Amino acid sequence: MIELDRVSYTYPGATTPIFRQLSLHIAPGEFLLICGPSGAGKSTLLRLLNGLIPHFYGGTFGGRVRVWGRDTLTHQPRDLADLIGFVVQDPESQFVVERVEDEIVFAMENLGVPTPVMRRRVEEVLDQLAIAHLRHRHVATLSGGEQQRVAIAAALAAQPRALVLDEPTSQLDPHGAEEVLTALQKLNADLGITIILCEHRLERVVQYADRILYLTPNGQYEVGTPREVLSRIE
Ligand code: ADP
Ligand code: ADP
């Protein structure tokens, strides 16, 4: 369960807040799509969920964000890593080692996972993302969709309850986008993992979402089922 209660936020030096009194509860197992035009605050909202805001961005934060009961004001992003896995927009820039398999191992090493458990989890996540055949490949030689799936596998290896993804398909062709979205849908359906992703091209993702949060650049928002939100914004 992720709860945002009357959240307001202004970046350091900015004159107007991005959010005023934003309230939203995200249920375990939900697939939530955050959409809205460029600059509406999609990336900012993801940073509020994983604690990067307020801890690393500063600014003026009000209200409350709780992730399975942990208040992000009193918990650093690393204290939330077992609950929330974060996947950035351009995973290639964040890969730290060369081989796919080593990238997934690296994600677990910092968490102090014992070696035998780590080996088993590598097999599990390679299988869950349908990338076992890529295990020995260098990440730089993969397609965009394959790289996204490696980044998702690495995040999943920490066994989070939710995955938060920043525009995971925006740099992919339609085939790559479908590979990534069906992989996320499967994690959601089979493992009950909460999926929260933002995307400015709503039409690509809408069919996968349980609910949509639609942000507008003036700080307003609409939340509801895809049908409800689409009827209100069109
Ligand atoms: P979106 O992801 O919907 O494109 P963002 O959350 O990236 O929107 O940005 C929302 C607004 O906040 C924009 O006006 C953007 O310029 C501003 N912004 C984003 N990051 C920062 C930052 N680090 N410092 C100041 N302003 C920022
Ligand atoms: P993305 O849209 O890829 O998530 P960012 O969230 O970093 O990228 O940036 C979104 C917008 O916020 C961009 O227009 C960017 O120029 C602006 N922005 C990012 N960092 C700052 C900052 N420190 N100060 C002002 N604007 C920023």
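Taking residue 145 as the residue in question, decide whether it is more than 17 Å from the chain's Cα centre (by Cα), at pLDDT below 95 and either assigned to a loop (DSSP other than H, G, I, E, B) or buried (at least 17 other Cβ atoms within 10 Å of the Cβ) (or both).
no
Cβ-Cβ distance below 7 Å, separation of 6 or more or different chains: which pairs start in segment 36-51 with a residue that is near ligand 2 (Cβ under 10 Å from one of its atoms) and end on one that is hydroxyl-bearing (Ser, Thr, Tyr) and open to solvent by 10 Å² or more (accessible area, probe 1.4 Å)?
Close Cβ pairs satisfying both conditions: 47/57.
Say whether the condition of being in a helix (DSSP H, G or I) and crowded, with 18+ Cβ neighbours inside 10 Å is met by at least one residue in segment 67-81.
The answer is yes, given that some residue of segment 67-81 is in a helix (DSSP H, G or I) and crowded, with 18+ Cβ neighbours inside 10 Å.
Would you list the strands (runs of 3 or more DSSP E) that sit entirely within segment 161-234 and hold 2 or more residues that are open to solvent by less than 30 Å² (accessible area, probe 1.4 Å) and either in contact (Cβ under 8 Å) with a residue 40 or more places away in the chain or touching a strand residue (DSSP E or B) at 6+ places or on another chain (Cβ under 8 Å) (or both)?
Fully inside segment 161-234 and qualifying: 162-166, 194-198, 211-215.
Tally time: how many residues in segment 186-214 are within 16 Å of ligand 1 (Cβ to nearest atom) and modelled with pLDDT of 95 or more?
Count: 6.
With respect to the numbered conditions (1) crowded, with 19+ Cβ neighbours inside 10 Å; (2) more than 13 Å from ligand 2 (Cβ to nearest atom); (3) within 19 Å of residue 86 (Cβ to Cβ), which one is the sole condition not fulfilled by residue 22?
(3)
The values are calculated or read from the model by the stated rules, or taken from the named source; none is laboratory data. What you see is a predicted model, and the numbers here were worked out from it, not measured in a lab. Don't worry about glycine lacking a Cβ; one is built from the backbone with ideal geometry, like all the others, and counts go over all protein chains shown. Note: accessible area is taken over every heavy atom of the protein model, side chains too, but ligands, DNA and RNA are not part of it. Shrake-Rupley method; radii C 1.70, N 1.55, O 1.52, S 1.80 Å.
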